[in-house]
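See structure below.
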Ligand SMILES: Cc1cc2nc3c(=O)[nH]c(=O)nc-3n(C[C@H](O)[C@H](O)[C@H](O)COP(=O)(O)O)c2cc1C
């Protein structure tokens, strides 16, 4: 086990970039695009991996990583099992957040929004692009439920492989996408001596109000 003093001493000074109200885009989706493109150029592994935070109606929180599979100037999309714990949370409490941490660029992005299911057509189109085994995997997993063993899951996968030949896998009715429509964004750039830059966007009168937050 790591020595606790050594653990407490783990820290990094952030020196790479700066962010200001003047330098950011007027629209946070454009700012997201700039940073996302830079994350791709920096060859970050899975730059589209984001943390999704949800809560039950009573406010009991949960979090997990999902992959961003598309965005436009209104929403961010991901795909999942509609019977999963996250989907059950979103069905009763559509408020959620998305969080990206790109440590290689000393950046994080926080997005708070409201989730709704994508159209069947959007889900069908995306499902059709998935590799065959991922398509079967979507059928095989009753996501977030308790299972007896790994073997049970793998046997079920094999049965489904026989049932649905490659090139002919329909989208499971219990699997599809969510679109998260943001109300707030925060772009965080690590800076020297913990004096980080935090630029906050909030929807206001149909536009976006931009402010700087104290680190
Ligand atoms: C890098 C990474 C990407 C993931 N992408 C997805 C995804 O796009 N959709 C998904 O349902 N689960 C994804 N998962 C698995 C989830 O983190 C989670 O375990 C699963 O969705 C069940 O979550 P829930 O029980 O909270 O609903 C991913 C996990 C990792 C580590």
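Readers should treat all values here as calculations from the given coordinates under stated rules, not as data from a laboratory. On a predicted model such as this, the values are computed, not experimentally measured, just so you know. With ideal geometry, Cβ positions are generated from the backbone for all residues, glycine too; neighbour counts draw on all protein chains shown.
Numbers below:
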quantity: Ordering of 205-215, 34-44 by packing [mean C-beta count within 10 Å, highest first]; calculated: 34-44, 205-215
quantity: Full-stretch length increase - residue 147, residue 174 - with 0.36 nm per residue and alpha-carbon distance subtracted; calculated: 7.9 nm
quantity: Added length on full extension, which subtracts the Cα-Cα distance from 0.36 nm per residue, residue 74 to residue 156; calculated: 25.7 nm
quantity: The chain: angle of helix 28-41 to the longest principal axis, Cα-based, in degrees nearest 10; calculated: 80
quantity: Degrees between helix 120-129 axis and first principal axis of the chain (Cα, 0 to 90, nearest 10); calculated: 90
quantity: Scattering curve values for the chain, log₁₀ I(q)/I(0), Debye with Cα scatterers, q = 0.07, 0.09, 0.15 Å⁻¹; calculated: -0.28, -0.46, -1.07
quantity: All Cα pairs of segment 1-57, percent lying beyond 18 Å; calculated: 63
quantity: Gyration tensor verdict on segment 163-210 (Cα atoms; rounded if a/c is under 1.5, prolate if a/b is larger than b/c, oblate otherwise); calculated: oblate
quantity: The chain: relative contact order as a whole-number percent, Cα under 8 Å and 6+ apart; calculated: 26
quantity: Calculated Rg and Dmax of segment 89-215 using C-alpha coordinates, Å; calculated: 20.4, 59
quantity: Cα pair distances in segment 1-120, grouped into 10 Å bins until the bin that holds the longest one, percent each; calculated: 11, 36, 30, 19, 4, 0
quantity: In nm, spacing of pseudo-spin labels at residue 192 and residue 163 (7 Å Cα→C-beta vector); calculated: 6.2
quantity: For a label point 7 Å along the Cα-to-beta-carbon line of residue 60, residues of segment 80-124 with backbone N under 12 Å; calculated: 89
